[in-house]
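Accompanying notes for the structure given below.
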Amino acid sequence: MKLRLIRVVVCAVTAFLAVPATAAADQRPFQLMIGAVFAHLKFDDPNLTSSWRSNVVFGADFGIPLFPKDSKVQLRGEFLLVPRGGNVKNVTDGLGERKIKLPYVDAAGLVDVELSDSVHLLAGASLGLRFGAAASVDGLGVDVDGVFKPIDVGLTFGADVVLVPNKVRMQVLYTHGLMNILSDEIYTPGMPYFFNSTSPAKNQTLLIMVAPGFWK
């Protein structure tokens, strides 16, 4: 399964980067980004709480040449490696924290609205492909390979701000998960010890990234 997901990601990246160079030259060039990610899991059950986990995120940003260069509205694509998860506690079962790590590859399509030369607003949709899962309860490792669904869909919005003209820009994005990422196995008798709840779980993610250069 992991190999299949990796192949899908590689094919998707190749397809996006295959945009003709002459067309892409009028848009934002390919840029690498790196920064911090803050993620946690949102539950409907008030007995389940999750604290935020922090980690490093990195990826790429590039223009999609569908509009003239001087348009105030553009499209951009992003590919990101995003570590998600959270430190979850169930106040009713007496166990300690469940530390959950869920690495994803995100592909996002964003509408870019230029407010000024230094500030752009971003909004769009993202698709996350999970390529791993690790967890522990009270410090003991737990096999959760079948607990979480392999994909996630979310709404992404934020801003892109120039910190140093022609040198460094910063991007802040928030992604709100739209689907329950727990698989049907979590509701079966074989896995009740992990969450001990039928509450759905959704990813919530804050990204703060920087990139060298500027596209104008």
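Computed values, structure above
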| read-out | value |
| --- | --- |
| Straight-distance crosslink candidates among aspartates and glutamates, where the alpha carbon sits under 14 Å from K69 and sequence neighbours closer than 8 are dropped | D26, D112, E114, D117 |
| Label-point gap, in nm, between I151 and S51 - each point 7 angstrom along Cα→Cβ | 3.5 nm |
| Distance (nanometres) between label positions extended 7 Å along Cα→Cβ at V210 and F30 | 2.4 nm |
| Cα-Cα over 27 Å, subset of K42/K149; K99/K202; K89/K149; K72/K202 | K72/K202 |
| Spacing of the two label points (7 Å from each Cα toward its C-beta) at F58 and V168, in nm | 1.7 nm |
| Long-range HN-HN contacts of V57 with modeled amide H, under 5 Å | G35, A36, V37 |
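Just so you know, all these numbers are worked out from the coordinates, no wet-lab data involved. Owing to the predicted nature of the structure, the values given are computational and were not obtained by experimental measurement. Heads up, the Cβs are rebuilt from the backbone with ideal geometry, glycines too, and the neighbour counts pull from every protein chain shown.
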